[in-house]
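Trainee: So that we are looking at the same thing, I have put the structure below in structure tokens.
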Amino acid sequence: MKPENQAWEQLFERAASLLSPNFADRVLRAARAGIDAAPSMLSQFALGAATAAICFIAVALVQARSAHQEDNRTMADWQQIAMAADDSGLPQ
Amino acid sequence: MDPSSTTALVDLVRRAQRGDEAAQREIILNYQHRVAGFVYAMTSRSDSVEDLAQQVFIKMIRALNGLQAPAQFESWLFRLARNTCIDHLRRQKLRRIFLPFAPEHEGVPEPLGAVDTEELDALRYAISQLRPQDRALLALVQEGRSHAEIAETLRTSVAAVKARLHRAREQLRLHYQSDHET
């Protein structure tokens with residue numbers, strides 16, 4: 001028998017020894033419990049893309065709100081300056 | 001497969017499709033060692049075998065109702081196993097891009113008490129040098145499947161299987177001999 005063939009036999013024997021004695025029961029329990037097999041690459045990429053999109057939207061909203069608040073503060077400051085100018089009778 | 005065992009298999013698969021857990025358990029018991037051998041051939045890593053074999057059988061249970069031809073169960077199961085292993089190998093490859101191991105940490109030590117023969121070590125090394133598609137082909141042949149059954153599993157022609165198998169065997173022999181002789 002070729003050494004390779006012996007090696008293949010050993011490989012299959014070794015693989016069989018790697019399964020736990022109650023393997024079948026564990027599989028059935030996992031299937032019943034709805035434990036997912038590892039997610040596919042596509043679903044992982046989709047999850048990553050969705051997470052990135054949510055982060056981008058959150059950053060954009062915070063940025064817009066912050067800019068709006070800054071505008072309001074600036075407008076209030078100018079209004080105060082304008083009122084002060086009114087009170088002192090300076091030409092507008 | 002002889003007609004009487006085909007009939008018994010079809011009956012078993014149909015019962016499993018109806019949700020009969022005893023039938024599902026019997027299928028797992030009948031095929032677990034063959035699937036484990038296939039997974040080990042595909043990945044060459046003992047730490048992946050039980051986990052991946054479990055994934056294959058969970059997918060099998062979930063997808064069984066979609067199998068229109070119970071007589072094709074074995075081809076279908078090994079197609080599932082092949083795709084699961086190829087997905088796993090792709091994820092490993094992607095992971096290595098972002099979290100590369102130092103070369104000395106790349107290999108996984110065998111379980112304590114396990115002593116690999118030189119032949120098994122050489123075979124595992126040789127298999128790891130092949131493309132996943134070629135590993136699947138060789139594993140299916142070692143599993144005892146005919147060219148026609150392999151063509152059905154891989155959804156290709158018998159001629160394509162023969163040509164690819166010839167190349168895969170050449171490559172395996174090359175890597176096996178180069179490791180075995182060092």
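The values are calculated or read from the model by the stated rules, or taken from the named source; none is laboratory data. Given the structure is predicted, the values throughout are model-derived calculations rather than measurements. Don't worry about glycine lacking a Cβ; one is built from the backbone with ideal geometry, like all the others, and counts go over all protein chains shown.
Trainee: For segment B:76-108, give me each residue that is within 14 Å of chain A (Cβ to nearest Cβ) and at pLDDT below 75.
Mentor: Selection gives B:Ile97, B:Phe98, B:Val108.
Trainee: Further question on the same structure: When only residues in segment B:63-75 that are within 19 Å of the chain's Cα centre (by Cα) and within 14 Å of chain A (Cβ to nearest Cβ) count, which is surrounded by the fewest Cβ atoms within 10 Å (Cβ to Cβ)? Outline the logic, then answer.
Mentor: Residues of segment B:63-75 within 19 Å of the chain's Cα centre (by Cα): B:63-64, B:72-75.
Those still in the list that are within 14 Å of chain A (Cβ to nearest Cβ) too: B:63-64.
Working: B:Ala63: 12, B:Leu64: 21.
Selected residue: B:Ala63.
Trainee: Looking only at segment B:140-149, filter to residues that are of a type in the set (A, V, I, L, M, F, W, C) and under 12 Å from the mean Cα position of the chain (by Cα); which one of those is surrounded by the most Cβ atoms within 10 Å (Cβ to Cβ)?
Mentor: Per the stated criteria, the residue is B:Leu140.
Trainee: Return a yes/no flag: does segment A:25-32 have any residue that is surrounded by 10 or more Cβ atoms within 10 Å (Cβ to Cβ), at the interface with another protein chain (Cβ under 10 Å from one of its Cβ atoms), at pLDDT below 90 and within 30 Å of B:Thr84 (Cβ to Cβ).
Mentor: Yes, there is a match, as at least one residue in segment A:25-32 is surrounded by 10 or more Cβ atoms within 10 Å (Cβ to Cβ), at the interface with another protein chain (Cβ under 10 Å from one of its Cβ atoms), at pLDDT below 90 and within 30 Å of B:Thr84 (Cβ to Cβ).
Trainee: Let me ask something additional. Would you confirm whether or not segment A:55-70 contains a residue that is in contact with a Pro (Cβ under 8 Å, 6 or more places away or on another chain) and not small (Gly, Ala, Ser)?
Mentor: No; the residues of segment A:55-70 include none that is in contact with a Pro (Cβ under 8 Å, 6 or more places away or on another chain) and not small (Gly, Ala, Ser).
Trainee: Which members of segment B:23-69 meet the condition of being free of Cβ contacts under 8 Å to residues at least 12 places away in the same chain and farther than 18 Å from A:Ser20 by Cα?
Mentor: Residues satisfying the conditions are B:Ala23, B:Arg62, B:Gly66, B:Gln68, B:Ala69.
Trainee: Could you please tell me which pairs satisfy a Cβ distance under 7 Å, a separation of 6+ or placement on different chains, a first residue in segment B:83-94 that is buried (at least 16 other Cβ atoms within 10 Å of the Cβ), and a second residue that is aliphatic (A, V, I, L, M)?
Mentor: Qualifying pairs under 7 Å: B:Thr84/B:Leu52; B:Thr84/B:Val56; B:Cys85/B:Val39; B:Cys85/B:Met42; B:Cys85/B:Leu52; B:Asp87/A:Met41; B:His88/B:Leu52.
Trainee: Here's a check for you: in segment B:44-54, which residue that is more than 8 Å from chain A (Cβ to nearest Cβ) and surrounded by fewer than 23 Cβ atoms within 10 Å (Cβ to Cβ) is nearest to B:Arg131 (Cα to Cα)?
Mentor: Per the stated criteria, the residue is B:Ser44.
Trainee: Answer yes if at least one residue in segment B:156-166 is within 12 Å of chain A (Cβ to nearest Cβ), farther than 20 Å from A:Phe12 by Cβ and part of a loop (DSSP other than H, G, I, E, B), and no otherwise.
Mentor: no
Trainee: On the basis of being in a helix (DSSP H, G or I), more than 21 Å from B:Ala148 (Cα to Cα), more than 10 Å from chain A (Cβ to nearest Cβ) and aliphatic (A, V, I, L, M), does B:Ala8 make the cut?
Mentor: yes
Trainee: Restricting attention to segment B:128-138, report how many residues are more than 9 Å from every other protein chain (Cβ to nearest Cβ) and part of a helix (DSSP H, G or I).
Mentor: The qualifying residues number 7.
Trainee: While we're here: Which residues, counting only those in segment B:112-127, are surrounded by 14 or more Cβ atoms within 10 Å (Cβ to Cβ) and either more than 11 Å from chain A (Cβ to nearest Cβ) or outside any loop (DSSP other than H, G, I, E, B) (or both)?
Mentor: Of everything in segment B:112-127, those that are surrounded by 14 or more Cβ atoms within 10 Å (Cβ to Cβ) and either more than 11 Å from chain A (Cβ to nearest Cβ) or outside any loop (DSSP other than H, G, I, E, B) (or both) turn out to be B:Glu119, B:Leu120, B:Asp121, B:Ala122, B:Leu123, B:Arg124, B:Tyr125, B:Ala126, B:Ile127.
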